[in-house]
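Notes follow once the structure below has been shown.
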Amino acid sequence: MARRRSVVWQPTPEYVEGSNLWRFMQAHGIRDYSELLRRSEEDIRWFWDAFIRFAGFEFYEPYREVLDLSGGLPWPKWFVGGKINIAHNFVDKWAAHPETAARPALIWEGEDGETRTYTFAELNREANRFANTLQALGVQKGDRVALYMPMIPETVIALYGIYKSGAIAVPLFSGFGPDAIAIRLNDVEAKAVVTADGFWRGGQQVPLKATLDRALERVRSVRAVIVAERLKSAVDMKAGRDTPWRESVATAADQFRTLPMDSEDLCMVSYSSGTSGKPKGIVHVHGGLAVKTAEAGMFIFDVQPDDVCFMITDFGWMMGQLPMFGAHAVAAPLLIYEGSPMYPNPGRIFNLIEKYRITFFGAPATALRLLKTYGEPFRKEADLSSLRILGHTGEPIDEDTWNWYFSWCDGRVPIINGSGGTEIFAEIIASTVLQPLKPTCLGVTPAVGARVVDEQGKPVPPGTPGYLVFTLPQPAQTRGFWKDPKRYLDTYFPLGSELWWHGDMVMVDEDAFWFHLGRADDVLKVAGRRTGPGEIEDVVNRHPAVLESAVIGVPDPVKGEAIVLFVVPRPGKRPSPEEISRFVADELGKPYQPGVVHVVEDLPKTRSQKILRRLIKEKYLGLPLGDTSSLMNPEALDALPVAEGSAQSTA
């Protein structure tokens, strides 16, 4: 780290004694968080069984064994013999209970201002209609149903309907083009797809059905397409395959018996981009996904029944469903917003927080940097007094942006910063309301066994960057890659079956605070020391003329690797490359001075606002581009410069 950071937030009695974690600890005679960590790691079977009882999880048939580890860390089996359905614990049981049936479950606002609210009883009935529609279309237990959908209520309805029916959900990012869609549909041999005619984003109508049609020209397995009418625009409908939502789902019966599923039955295949080759089809199961996502909501983000939850996200990725499950685990409402957080002005997010009295808000670092740059006047005018928890997850967040986020409520509200992945559908490391906070810090969470190691898997001392691993099986841990178990083992167990190699670079400081430094694939070796891009970008982003930045390492005949920096300036600013280069050297030392600085208009990102450093490096060096399906703004990648002497520059 560039410098030692100080504690800026201490847990207050109000946060501690009102938290789900504290109530759980009190119920089990646990004195403090350290004791909880120790006990949960020493006896994970006790912890997960105790959590299920604490959370009031319902199984149709009880499990006879919490965990079967006969297959080792790569292949755990959880809640063996139990019958469960993920939709039952997040929707059905609340709809059936008189005290919760009329509670809001889902609040939606479209970019154009249209709004809808569904109670748990209403959401349950609509999901039942969707499940009945699937059965009428011939979709059976185990069939794959893809969702190529925007952030609209029908997406939530469809997801729960798929789970109820015993089919397997395959979420697809709404920004995918035909090639990316076709690859995934063919890989899982999808039988049905649910989509929409289109949606609003940035004041523009974005077509979906037309894009899907182009993809389906190359897909033979799909027998049915259900089309939600968001825009109510005319779209081509293929006879015998395509059916409008209003003529199928809306008219179906609203009673359906949710199928009891084995705890290890598949419920989802969620695709994550690979660095090359086809994307990874990450497999999840009913029991583990339900239990772990509820634990993340209740213990990490401390979601309570009276909360109103809202996160800037997309249902094409895990962070669409994780906050939904976290909220619905305690019968709390989830707000979803359709369009751009900057439309019609950068105050839209603050307006939503104030309007709906949001208590839990989450966003990725890139979205926060945009709000910091363009939305500060709106923030100052907004009433944010309802906020109780601020969340951040995804890529590393720089200190300047974290401090600005922390200032939203004058330091009263903690930032729960987490880092995990689709592969475990939750956080591996995260801060909690029971732990003090330093800017950008994370912490250890129960029953994970997170560690920091070197390339050989050996522990590193405090203050030394290393690689994130975990040593204990996780309930929502993927059960492998779809039809590719060898690739799964090669990806996460390169050091053997005792360590899950997550691919992130982290550091634990002398006070036991954790810090996320970036993806291991993005690590640079500077002056003989492995350095995550986040360490350098954190400093760069503190420059008053810099909005955001990305660091890559490129081969150097003398140093082995040289730093190349890409900087997006703040509006009205145009810092010189020399100025930025000197600033980094002054802050971090001469070895970290970038060899080259490029001032650019934008950086390539995913819809969830993660900066795609891998693609930046491939473009800059003129290398073949790997998987680009998650790229939201291809024009930003196209506009990036290439290195002198690269294949592209000499072409």
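The values are calculated or read from the model by the stated rules, or taken from the named source; none is laboratory data. Because the structure is predicted, anything quoted here is derived from the model rather than measured. Here Cβ is always computed from backbone atoms with ideal geometry, including for glycine, and neighbour counts include all displayed protein chains.
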When you check R614 against the structure, is it farther than 26 Å from P150 by Cβ, modelled with pLDDT under 95, buried (at least 18 other Cβ atoms within 10 Å of the Cβ) and not aliphatic (A, V, I, L, M), yes or no?
yes
With respect to S221, determine if the residue is in contact with a strand residue (DSSP E or B) (Cβ under 8 Å, 6 or more places away or on another chain) and polar (S, T, N, Q).
no
Condition check for L134: assigned to a helix (DSSP H, G or I) and crowded, with 21+ Cβ neighbours inside 10 Å
yes
Can you report the number of residues in region 108-145 which are under 13 Å from A192 (Cβ atoms), free of Cβ contacts under 8 Å to residues at least 60 places away in the same chain, touching a strand residue (DSSP E or B) at 6+ places or on another chain (Cβ under 8 Å) and not acidic (D, E)?
2
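Looking at F406, is it over 20 Å from the mean Cα position of the chain (by Cα) and in contact (Cβ under 8 Å) with a residue 40 or more places away in the chain?
yes
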Working only within region 75-99, note down all residues that are of a type outside the set (G, A, S), in contact with a helix residue (DSSP H, G or I) (Cβ under 7 Å, 6 or more places away or on another chain) and either surrounded by fewer than 17 Cβ atoms within 10 Å (Cβ to Cβ) or not in a loop (DSSP other than H, G, I, E, B) (or both).
W78, F79, I84, I86, N89, F90, V91, D92, W94
Test: T478 is assigned by TED's automatic domain parsing to the domain that holds E42 and buried (at least 23 other Cβ atoms within 10 Å of the Cβ):
yes
Per-region count, region 165-188, residues assigned to a loop (DSSP other than H, G, I, E, B) and under 12 Å from G142 (Cβ atoms):
2
Here the residues within region 27-48 that are surrounded by 16 or more Cβ atoms within 10 Å (Cβ to Cβ) and not aromatic (F, W, Y) are I30, L36, L37, R39, S40, E41, I44
Output the residues belonging to region 398-427 that are modelled with pLDDT under 95 and touching a strand residue (DSSP E or B) at 6+ places or on another chain (Cβ under 7 Å).
S419, G420, G421, T422, E423, F425, A426, E427
Of the candidates K232, K209, the one satisfying the condition of being of a type outside the set (A, V, I, L, M, F, W, C), touching a Ser or Thr at 6+ places or on another chain (Cβ under 8 Å) and not assigned by TED's automatic domain parsing to the domain that holds L36 is K209
Matching residues, region 191-218, being among the aliphatic types (A, V, I, L, M), outside any strand (DSSP E or B) and either more than 22 Å from V269 (Cβ to Cβ) or out of contact with any strand residue (DSSP E or B) (no Cβ under 9 Å at 6 or more places or on another chain) (or both):
A210
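Restricting attention to region 163-177, does a residue exist that is surrounded by fewer than 22 Cβ atoms within 10 Å (Cβ to Cβ) and in contact with a helix residue (DSSP H, G or I) (Cβ under 7 Å, 6 or more places away or on another chain)?
Checked region 163-177: at least one residue is surrounded by fewer than 22 Cβ atoms within 10 Å (Cβ to Cβ) and in contact with a helix residue (DSSP H, G or I) (Cβ under 7 Å, 6 or more places away or on another chain).
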For the list (1) within 30 Å of A131 (Cβ to Cβ); (2) without any contact (Cβ under 8 Å) to a residue 12 or more places away in the chain; (3) touching a helix residue (DSSP H, G or I) at 6+ places or on another chain (Cβ under 7 Å), I need the number of the one condition that M25 fails.
(1)
Sort out which residues of region 451-484 are within 22 Å of S270 (Cβ to Cβ) and either modelled with pLDDT under 95 or among the small types (G, A, S) (or both), and write them in order of number.
A476, G480, K483, D484
Conditions (1) free of Cβ contacts under 8 Å to residues at least 60 places away in the same chain; (2) surrounded by 20 or more Cβ atoms within 10 Å (Cβ to Cβ); number of the one not met by A182:
(2)
Does G72 satisfy being part of a loop (DSSP other than H, G, I, E, B) and without any contact (Cβ under 8 Å) to a residue 12 or more places away in the chain?
no
Sort out which residues of region 279-332 are of a type in the set (S, T, Y) and part of a loop (DSSP other than H, G, I, E, B), and write them in order of number.
T313
If I filter region 3-26 down to residues being part of a loop (DSSP other than H, G, I, E, B) and surrounded by 15 or more Cβ atoms within 10 Å (Cβ to Cβ), which single residue comes out as modelled with the lowest pLDDT?
R5
Within region 27-64, considering residues that are of a type in the set (S, T, Y) and outside any helix (DSSP H, G or I), the one farthest from P446 (Cα to Cα):
Y60
Out of the residues in region 239-253 that are of a type outside the set (A, V, I, L, M) and closer than 17 Å to L212 by Cβ, which is surrounded by the most Cβ atoms within 10 Å (Cβ to Cβ)?
W245
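Out of the strands (runs of 3 or more DSSP E) lying entirely within region 354-456, which hold 1 or more residues that are of a type in the set (S, T, N, Q) and crowded, with 24+ Cβ neighbours inside 10 Å?
Where strands (runs of 3 or more DSSP E) fall fully within region 354-456 and carry at least 1 residues being of a type in the set (S, T, N, Q) and crowded, with 24+ Cβ neighbours inside 10 Å, they are 389-393, 415-421.
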If I go through region 586-600 residue by residue, how many of them are modelled with pLDDT under 95 and assigned to a loop (DSSP other than H, G, I, E, B)?
4
Identify all residues within region 562-585 that are farther than 21 Å from E395 by Cβ and either assigned to a loop (DSSP other than H, G, I, E, B) or in contact with a strand residue (DSSP E or B) (Cβ under 6 Å, 6 or more places away or on another chain) (or both); write none if there are none.
A562, P571, G572, K573, R574, P575, S576, P577, S581
